[in-house]
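Below you'll find the structure, written out as structure tokens, and then a few comments.
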Amino acid sequence: MIKPYRIRAIEVNPGLVLSPMSGVTTRPFRRLVKELNPGAVGLVVSEFVSVEGMTRGSQRTMEMMRFSEEERPYCVQIFGYDIARMRDAAMMVQDFGADLVDINCGCPAPKVVKRGGGCELMRQPDHLKEIIREVRKSISIPLTIKIRAGWDEDSRNAIEVAKMAEGEGVEALAIHGRTRSQLYRGNADWDLVQEVAEILSIPVLGSGDVVCRATAEARLKGKVAGLFIGRASMWNPFIFSEILHNQPSRLTGNFDLMLDVLFRYIELLKEDFQESSCGGKFKQLASQMCRGALWRKQLLTLNSIREHEEFLKRVRDGSWRPKGALVDDANETPTIDSCDQFAAS
């Protein structure tokens with residue numbers, strides 16, 4: 001069912017992509033997903049990176065692009081408004097050694113769109129056209145973009161933007177089937193995704209509501225080349241291999257496996273970040289993945305990565321004892337949206 005597709009000389013095999021999520025798809029998370037899904041993740045994308053931070057020499061921003069060779073093919077997604085900065089940032093991505101550069105035209109977060117980036121670019125298609133044209137002529141690696149259905153129900157211009165992008169040399173396009181005004185509410189419009197795929201000659205990828213094998217099969221129809229999977233990889237980091245190999249969920253109720261994943265994630269986080277930065281990133285995954293575990297609620301009250309690690313050791317060796325009622329209030333922690341963790345760099 002999941003076939004490969006090509007972006008020029010780059011084969012994305014299989015056509016399953018780890019979607020960019022700000023503050024989430026860092027190198028440790030990307031490496032974790034690749035390890036847990038051997039041969040099942042065709043492409044990984046960085047968290048989206050500010051061209052303002054890049055072109056102003058922000059060390060923190062530059063570190064967001066770091067990757068490991070085992071992550072290839074690897075794409076860096078950039079966002080911004082200024083044409084010259086978008087061009088220069090794309091050139092920096094190329095010099096950094098990434099395989100592809102992607103322009104974010106779909107993020108709905110207020111902090112992004114107020115600065116002219118993300119989905120705001122779909123409201124200014126002429127300006128977006130100039131960005132794409134300038135970036136395309138300045139880099140030799142493939143250029144892709146990610147869009148939404150449109151800004152709102154009265155301005156669903158995904159088809160027009162997609163045609164323009166292809167005409168300006170974009171070599172693959174991903175579309176999230178919701179408008180900006182929907183954020184992550186309601187259902188993604190996959191009829192629109194399939195319509196865009198039928199019209200364009202470049203690979204078109206779909207994004208939105210892919211959470212298991214059944215939803216992947218329902219959405220990968222017609223000429224849709226592949227799927228972007230974002231939030232569901234936080235709920236279930238094994239989702240790529242389960243979709244590819246038609247496997248049942250390995251994680252549901254398997255608390256020993258949850259512990260294995262958490263311990264490995266701690267190792268990867270500590271390789272890349274100062275311990276003071278690891279706790280919050282760890283809880284992003286734990287809050288989503290460990291629903292149903294009786295120790296989840298107490299785990300999420302801890303802050304430092306050392307506290308998390310010591311707590312999980314007690315859970316594993318059986319010395320942990322619950323405080324209060326044995327209830328996992330999974331609704332206390334909100335889900336992670338692709339742009340919720342955005343912070344200016």
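All of the numbers you see were taken from the coordinates with simple rules; none came from a lab. Here the structure is a predicted model, which means the values were calculated and not measured. Don't worry about glycine lacking a Cβ; one is built from the backbone with ideal geometry, like all the others, and counts go over all protein chains shown.
With +1 on the Cβ of every Lys and Arg and -1 on the Cβ of every Asp and Glu, and nothing else charged, how large is the dipole of the chain about its Cα centre, in debye rounded to the nearest 20?
About 380 debye.
Tell me, what is the FRET efficiency for L257 and D82 to the nearest 0.05, using R0 = 51 angstrom and their Cβ-Cβ distance as r?
After rounding to 0.05, the efficiency reads 0.65.
Report the trypsin sites (Lys or Arg not before Pro) located in segment 67-136 that are in a DSSP loop and have at most 10 other Cβ atoms inside 10 Å of their Cβ, or state none.
Loop-located and lightly packed - K114.
May I ask you to compute the full-extension gain from Q247 to E11, defined as 0.36 nm times their residue separation minus their alpha-carbon distance, rounded to one decimal in nm? Can you show the working numbers first?
Details: separation 236, 0.36 × 236 = 84.96 nm, distance 2.42 nm.
Taking Q247 through E11 to full extension adds about 82.5 nm, to one decimal.
Please report the antiparallel percentage of the DSSP beta bridges confined to the chain, to the nearest 5.
Working: 3 of 34 bridges.
Around 10 percent of the beta bridges assigned by DSSP in the chain are antiparallel ones.
Suppose R0 equals 45 Å; then what is the FRET efficiency for K270 and S201 from their Cβ-Cβ distance, rounded to the nearest 0.05? List each step's numbers first, then the result.
Working: r = 45 Å, r/R0 = 1.01.
In this case the efficiency is close to 0.50.
For Q77, list long-range residues whose amide hydrogen, built 1.01 Å from N in the peptide plane, is under 5 Å from its own amide hydrogen.
HN-HN under 5 Å from Q77: S46, V49, D102.
Would you calculate, for the chain, the mean residue ellipticity at 222 nm contributed by helices, counting each DSSP H stretch of 4 or more residues as -39,500 (n - 2.57) and dividing by all residues, to the nearest 500?
-11500 deg cm²/dmol
Could you give the angle, 0 to 90 degrees to the nearest 10, between helix 158-167's Cα long axis and the longest principal axis of the Cα atoms of the chain?
Compared with the principal axis, the helix lies near 60 degrees.
With unit charges on the beta carbons (Lys and Arg positive, Asp and Glu negative) and the dipole taken about the Cα centre of the chain, which residue among A89, S207, A293 sits farthest to the positive side?
So the residue furthest toward the plus end is A293.
So what is the orientation-averaged projected area of segment 190-260, using the convex hull of its C-alpha atoms, in nm²?
It is 5.0 nm².
Could you give the length gained on full extension between S277 and M1, defined as 0.36 nm per residue of separation minus the Cα-Cα distance, in nm?
So the chain would gain 95.4 nm between S277 and M1.
Distance between Cα centroids, segment 251-306 to segment 129-145: provide it in whole Å.
Each part reduced to its Cα centre gives a spacing of 38 Å.
Which value in nm describes the separation of the simple spin-label points at E63 and E160, placed 7 Å from the Cα toward the beta carbon?
Modelled inter-label distance: 4.3 nm.
Based on the Cβ-Cβ distance of C212 and E130, what FRET efficiency does E = 1/(1 + (r/R0)^6) give at R0 = 51 Å, to the nearest 0.05? All intermediate terms of the calculation are to be shown ahead of the outcome.
Working: r = 40 Å, r/R0 = 0.79.
Efficiency for this residue pair is about 0.80.
Would you mind checking the tilt of helix 255-272 against the longest principal axis of the Cα atoms of the chain, expressed as 0 to 90 degrees and rounded to 10?
Roughly 60 degrees between the two axes.
Given 0.36 nm per residue, what is the gain on full extension from S304 to S140 after removing their alpha carbon distance, in nm?
Using 0.36 nm per residue and subtracting the Cα-Cα distance, I get 54.7 nm.
With a 10 Å radius around each residue's Cβ, average the other Cβ atoms per peptide and rank 72-78, 194-200, highest first.
72-78, 194-200
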